[in-house]
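**Student:** Following this message is one structure expressed as structure tokens.
The values are calculated or read from the model by the stated rules, or taken from the named source; none is laboratory data. Everything quoted here is computed from the prediction, not taken from an experiment. Neighbour counts are summed over all protein chains in view; Cβ atoms, including those assigned to glycine, are modelled from backbone coordinates with ideal geometry. The area values use the complete protein model at the heavy-atom level, side chains included, leaving out ligands, DNA and RNA. Shrake-Rupley method; radii C 1.70, N 1.55, O 1.52, S 1.80 Å.
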Amino acid sequence: MLNIEKFVWTREPKEYKITPNRVELITEPYTDLWQRTYYHFQNDNAPVFQMETEEKYFSFVVKTEFLESHHRFDQCGIVMYLDSENWLKGSIEYENETYQHLGSVVTNGGYSDWATTKIDASVKSMWYRFSRREDDYCIACSMDGVLFEQMRICHMQKGNTTIRFGIYACSPENSSFRAVFTNMELMECQWRAHDGQKPDKEER
């Protein structure tokens, strides 16, 4: 089971509340995680709340709620932040009154990418599942916490030893909102070994 006392802040937010089953924080304006690609700037000031592990096979699940998100790029979700140039995140980013971006960012060696799909702006809650298989990772999402759909599979160049993972929220522009995280759970890896072409090495 997940022990919230094992989580620590990287860049502690000014306003937050933590109980055994809930984390709530208020984002601050101009906070973000991004490295170089396309925009040619580096933003590395979003608060992240993470625990550390050496376990090579596991899944982490969390429910996010963001009823107050209202400004472009307001976001909250899951994160694995190793250092400023090596991290990944999955979230919903507000765009306008019509739609939002459900997506993920993977940053290896100081360069970020961004993969997204549009969803309706009325969505104000999402479950995420972060899974590890050695130095490969999978981000999945769910509307109900039961049926998860794959968002992203990726490889992390610095993700093969001890890692840190957890939750984050930020407002890259002049905005602020309340992000709520509940139903956090650690479990056996739900991302199963590939059952198609045989791997070059034995898998668990």
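**Student:** For segment 23-66, which residues satisfy the criterion of being over 25 Å from A193 (Cβ atoms) and among the basic types (K, R)?
**Tutor:** R36, K63
**Student:** Another question, if that's okay. Pairs, please: C-beta under 8 Å, at least 6 apart or cross-chain, first residue over 20 Å from K17 (Cβ atoms) and in segment 158-187, second small (G, A, S) and open to solvent by less than 10 Å² (accessible area, probe 1.4 Å)?
**Tutor:** L186/S59; M187/S59
**Student:** Additional query: Which of the residues spanning segment 25-68 are closer than 26 Å to E97 by Cβ, open to solvent by 10 Å² or more (accessible area, probe 1.4 Å) and of a type outside the set (S, T, Y)?
**Tutor:** Result: I26, E28, P29, D32, W34, N43, K63, E65, L67, E68.
**Student:** Any chance you could count how many residues in segment 70-84 are under 26 Å from E24 (Cβ atoms) and either without any contact (Cβ under 8 Å) to a residue 12 or more places away in the chain or open to solvent by 10 Å² or more (accessible area, probe 1.4 Å) (or both)?
**Tutor:** Summing the residues that are under 26 Å from E24 (Cβ atoms) and either without any contact (Cβ under 8 Å) to a residue 12 or more places away in the chain or open to solvent by 10 Å² or more (accessible area, probe 1.4 Å) (or both) in segment 70-84 gives 7.
**Student:** Determine whether R22 is open to solvent by 70 Å² or more (accessible area, probe 1.4 Å), within 26 Å of H101 (Cα to Cα) and among the basic types (K, R).
**Tutor:** Yes, satisfied.
**Student:** Could we say that K14 is under 22 Å from W127 (Cα atoms) and either in contact (Cβ under 8 Å) with a residue 24 or more places away in the chain or among the basic types (K, R) (or both) here?
**Tutor:** No; evaluated as a whole, the condition is false for this residue.
**Student:** What about Y94, is it surrounded by 19 or more Cβ atoms within 10 Å (Cβ to Cβ), without any contact (Cβ under 8 Å) to a residue 40 or more places away in the chain and more than 13 Å from the chain's Cα centre (by Cα)?
**Tutor:** yes
**Student:** Of the residues that make up segment 51-65, is at least one touching a Gly at 6+ places or on another chain (Cβ under 9 Å) and closer than 20 Å to S175 by Cβ?
**Tutor:** yes
**Student:** Can you pull out the residues in segment 1-20 that are farther than 21 Å from F60 by Cα and either at pLDDT below 95 or acidic (D, E) (or both)?
**Tutor:** Matches in segment 1-20: E12, E15.
**Student:** So N43 fits all but one of (1) touching a strand residue (DSSP E or B) at 6+ places or on another chain (Cβ under 7 Å); (2) farther than 28 Å from C189 by Cα; (3) modelled with pLDDT under 95; (4) not in a strand (DSSP E or B); what number is the exception?
**Tutor:** Every condition holds for N43 apart from (4).
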